[in-house]
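Let me begin by presenting the structure, written as C-alpha cells, before commenting on it.
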Amino acid sequence: MRNLLCKAALLLLLAPLAGPQRAAAQGYVKLNALYALVGVVNPSVEFAVSPKSTLQTDIVVSPWKSIDSKHMLFAIFMGEYRRYFKEHNRGWYLGANLGMMAFDMSKPYIENWSLKFEDRYCKGYGMMIGLCVGWERQLGERWLLDAFLGWSWMDSHYNGYSFDGEIDMHPHRPVQPEHPDPFNGSSEWYPNKIGVSIGYRIFKPRER
C-alpha cells in the first residue's frame, strides 16, 4: 500500500512538469505572499489541462533553524489537481494534493484552540494527502491573485531530541516497545497549506 501511495504521489507531483506544452497559454508562476511575510519561501507553478481544471506544483522551504528556541527547518514538495466551478484560473475551486516532506522542527499541536509547540524537536520525513479550497481572481492582463486553505492527513517518521541534542529513546507511544527505540511514527490531520499567492502569467493566450 505504501509503495502504491509513493507511485501515485510521484505521478501527481511530476504531472505539471509535462503539462506546459499542452496548456502553455495558461501557465502561471506564483509566490505565496503570506508565507513570505514570515520568511518562508513558497513558489509554485500552475498550468491549465482542461477548460475547468489545472495542475500545480508547490515547493515550501522554511530556512529557520530556530525561532524562539523552537526548531522550524522543513521542506515540502507537493502536487495538486484543481477543479474550477466556472473556468480555470477564475473563481472558486476545489483541489486534491499529495506531498512529501523532510523536517527538523518542534512538533505543533493544538490545545484550547491555541497553536503550541513541543519542548523538543524531531528530525525525519513524511507524506501527506489532502484537500483544499481556494479562489482566484485575474488582476489585469497578466497578474493573478490566489487565496487558498488546505487540510491533509500526514504520516511522519522521525527521531525525537531534547534541546541539548540528546536523542529520546522512549518517545510517547500508545504501547511502548520491549526495547528502547528512538524511531517514532505518527499520523495526524493538520493544515498543509494556507496563503495568498501573487501569480504572473508566463505565456500569452493563443489567438482565436
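Give segment 160-193 a look and list any residue that's farther than 20 Å from Ile129 by Cβ, touching a residue at least 24 places away in the same chain (Cβ under 8 Å) and among the hydrophobic types (A, V, I, L, M, F, W, C), or say none.
The answer is Phe163, Phe183.
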Query raised in the report: What number goes with the only condition from (1) out of contact with any helix residue (DSSP H, G or I) (no Cβ under 8 Å at 6 or more places or on another chain); (2) modelled with pLDDT of 95 or more that Asn42 does not pass?
Result: (1)
Report task. For residues that are among the small types (Gly, Ala, Ser) and surrounded by 16 or more Cβ atoms within 10 Å (Cβ to Cβ), scanning just segment 156-198, find the one that is nearest to the chain's Cα centre (by Cα). Result -> Gly195
Requested in this report: Give just the number: which of (1) basic (Lys, Arg); (2) loosely packed, with under 13 Cβ neighbours inside 10 Å; (3) touching a residue at least 12 places away in the same chain (Cβ under 8 Å) does Arg201 not satisfy?
Outcome: (2)
**Report entry** Search result, residues across segment 25-71 that are within 20 Å of the chain's Cα centre (by Cα) and assigned to a loop (DSSP other than H, G, I, E, B)
**Finding:** Leu37, Val38, Gly39, Val40, Asn42
Query - The listed residue being of a type in the set (Val, Ile, Thr) and free of Cβ contacts under 8 Å to residues at least 24 places away in the same chain, out of Ile76, Ile59 - result: Ile59
Requested in this report: Only residues that are in a strand (DSSP E or B) and acidic (Asp, Glu): list them for segment 107-161, please.
Outcome: Glu111, Glu136, Asp146, Asp155
Query raised in the report: Would you pick out the residues in segment 122-141 that are more than 30 Å from Gly165 (Cα to Cα), under 12 Å from the mean Cα position of the chain (by Cα) and crowded, with 19+ Cβ neighbours inside 10 Å?
Result: Gly130, Cys132
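The values are calculated or read from the model by the stated rules, or taken from the named source; none is laboratory data. Keep in mind that what you see is a predicted model, and the values were worked out from it rather than measured. Heads up, the Cβs are rebuilt from the backbone with ideal geometry, glycines too, and the neighbour counts pull from every protein chain shown.
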